[in-house]
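Here's the structure we're looking at; comments come further down.
The values are calculated or read from the model by the stated rules, or taken from the named source; none is laboratory data. Everything quoted here is computed from the prediction, not taken from an experiment. Quick reminder, even Gly has a Cβ in these numbers, built from the backbone with ideal geometry, and neighbours come from all protein chains shown.
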């Protein structure tokens, strides 16, 4: 075998998200990009805010001496300070720049965290459904992902988490606003979770929150550090500034985390040995100047309205997103059961009408399907007819 | 313990290079930056070539729609094509863009390669001395690094490599021009190595070559793919364009590598699950336009001349570098033996005179010391007096 066994096995069951991405590209070539309703990938299509362009252009004009050289592995001290100030505001506690480590996106940050804290066989609890790559991130570093169910409305099932806690539990990983459900966990749930964790050996609470700034209806994503001491926040600018291709994010350690200095040193060391070395220099300096900027969330809100109208008319039920830009929909009941796999059949039927979504199995939740609405509102509206026809023949 | 045991142990014996880097910063604060002769870190101080600035500024002015979004995990197809053309030229065989995977620097690329090919306990052979982080990169993915000695002039000891080959050998990792020795392995040695590997189960030959474009005296770094089919080249623009902070590199798979398509798929998958996701978007587009550009190597050549003159006058022997920007020096024999650790004592004595280098132990070669000459020629020349005084009191 030319490659590692584990990778070989994994390649056989590739990420459904990426599979749909490639399927989408194929269909677009065949039918023209404007004729395919590709809701498969969470690739923000809104451009970065104008402030990004201004800072980008100014830094390019200056192109200061040494600005592309190595800096400390944790990132530029002044960038870490700027982001700590932002995190302090979001989490309601003072955070020092020395407790922020710049990361190659949130995905890079999560790998750095798991490398830093996991010994072989350590468990990480995650509420289901969840972003499927979490499984790989934990497995990369010898850990075991333990899935627990959420409640019917996809809010945290605290009893289920409590029941899953074991002496091997090293961390609980939450993602709010959630991909794929759009759920935002309210402050009360985070506080209650904190109380449970504190009473059970105080494992880490890892909050993956790249969608923090994308919420609707005035919902504010509650703070993490204020609710539980032993917390680690991982975030990125992939969604709030629409910069996913530039790989810029960060890890922040709670000011009251246990053995905080040792943890931060471990994060910095892991950043180095995993080969990230440091977050990209230019993007570090750009985001440090944009801590108050974000994309226009109203655009996403309008799309959510347009998409839910279509689903309502088609009679497809879904979780109403409080944040992020996904609609997690129940595969509708079939008029006549085929005795087959409804999820797979429905996804196939969608595809025949050139509508692409990701099967819920890809998030540990079969019987559901995720549509990403980070696509133009026109495309969403144009998909209405397709959804209607799909439901007629389902 | 708040962090993983392995990381905790490693933190105790932190990279000597980074330790010296921090020590250097401390001394600079105390004595002023111009008064410290910091030869510890391979952080290129030469600015990127003017062509870089031009492309950077043009792309910032255009700031095209979608240019910071996700692209395929392997990188932009047109960037992969451009780099394949460059690699074809360097390695004397036609390489297709589809066999190039963009990476977050060479360090990221090496982690992606090891994740892709190593099963638990697989061995990777590396000639000693070597860049110490290789040990972590291999260990991260369950592999075991097997060190073999080089010959007295630091050229490859083919018999030693042959003797170290075992059924568990998954790869041989070479680095030419070499860090820390500056040695460039001649074509004859690469070919002979290829013949040995082909006869012993054909493990991968991984060539880490970020210094390929930095060689002296007209020496051309020989091709890899032309000498051995089952080869993987990992490189970056950290040195050739002085962009280490931007984390841009690539992995190229030999056109005749075994099960090439499966290997490429594994590399792309590993890029994703390790959290790199993709190499930074902007830098991908920049380097694609700069395949013919590089920093002015003559600057490094002049520094090499200035530094070797000082060492010659001080009576310190060294390996004359054929490439890269390091001088690997033998810790000089002591007038009167202290019975202690000469390497440690000499490094301490250097430090008292504000001269910083990295102990050879940091590269698996005790009794030696590495000086990086990617610092201003003036600083190198000014260090002459310090070296003279150091030798007087040694």
Checking the conditions here, which among B:295, B:233, B:287, B:221 is in contact (Cβ under 8 Å) with a residue 60 or more places away in the chain, buried (at least 20 other Cβ atoms within 10 Å of the Cβ) and in contact with a helix residue (DSSP H, G or I) (Cβ under 7 Å, 6 or more places away or on another chain)?
B:233
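Go through the residues of segment A:100-118 one by one and say whether even a single one is surrounded by fewer than 24 Cβ atoms within 10 Å (Cβ to Cβ) and either closer than 20 Å to residue B:277 by Cα or in contact (Cβ under 8 Å) with a residue 24 or more places away in the chain (or both).
Looking only at segment A:100-118, we keep the residues that are surrounded by fewer than 24 Cβ atoms within 10 Å (Cβ to Cβ), and these are none.
Looking through segment A:100-118, none of the residues is surrounded by fewer than 24 Cβ atoms within 10 Å (Cβ to Cβ) and either closer than 20 Å to residue B:277 by Cα or in contact (Cβ under 8 Å) with a residue 24 or more places away in the chain (or both).
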How many residues are within 20 Å of the chain's Cα centre (by Cα) and at negative phi when one looks only at segment A:321-377?
26
Kindly establish whether residue B:75 is in a loop (DSSP other than H, G, I, E, B), on the phi > 0 side of the Ramachandran plot and surrounded by fewer than 18 Cβ atoms within 10 Å (Cβ to Cβ).
no
Working only within segment B:8-37, note down all residues that are modelled with pLDDT of 75 or more and outside any helix (DSSP H, G or I).
B:32, B:36, B:37
Residue tally, condition part of a loop (DSSP other than H, G, I, E, B), surrounded by 19 or more Cβ atoms within 10 Å (Cβ to Cβ), touching a helix residue (DSSP H, G or I) at 6+ places or on another chain (Cβ under 7 Å) and within 9 Å of another protein chain (Cβ to nearest Cβ), over segment B:119-142
1
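Given the condition in a helix (DSSP H, G or I), buried (at least 20 other Cβ atoms within 10 Å of the Cβ) and in contact with a strand residue (DSSP E or B) (Cβ under 9 Å, 6 or more places away or on another chain), answer yes or no: does some residue in segment A:327-346 qualify?
Checking segment A:327-346: at least one residue is in a helix (DSSP H, G or I), buried (at least 20 other Cβ atoms within 10 Å of the Cβ) and in contact with a strand residue (DSSP E or B) (Cβ under 9 Å, 6 or more places away or on another chain).
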Does residue A:42 count as under 30 Å from residue A:300 (Cα atoms) and at pLDDT below 95?
yes
Criterion first (in contact with a helix residue (DSSP H, G or I) (Cβ under 9 Å, 6 or more places away or on another chain), surrounded by fewer than 16 Cβ atoms within 10 Å (Cβ to Cβ) and either more than 10 Å from chain A (Cβ to nearest Cβ) or farther than 19 Å from residue B:257 by Cβ (or both)) does residue B:53 satisfy it?
yes
Some residue of segment B:143-153 being assigned to a helix (DSSP H, G or I) and either surrounded by fewer than 22 Cβ atoms within 10 Å (Cβ to Cβ) or modelled with pLDDT of 95 or more (or both)
no
Of the residues in segment A:237-283, those that are facing another protein chain (nearest Cβ under 7 Å) and part of a loop (DSSP other than H, G, I, E, B) number 11
May I ask you to list the residues in segment A:65-95 that are facing chain B (nearest Cβ under 9 Å) and free of Cβ contacts under 8 Å to residues at least 24 places away in the same chain?
A:65, A:66
So residue B:42 passes all but one of these: (1) over 24 Å from the mean Cα position of the chain (by Cα); (2) within 13 Å of another protein chain (Cβ to nearest Cβ). Which condition number does it fail?
(1)
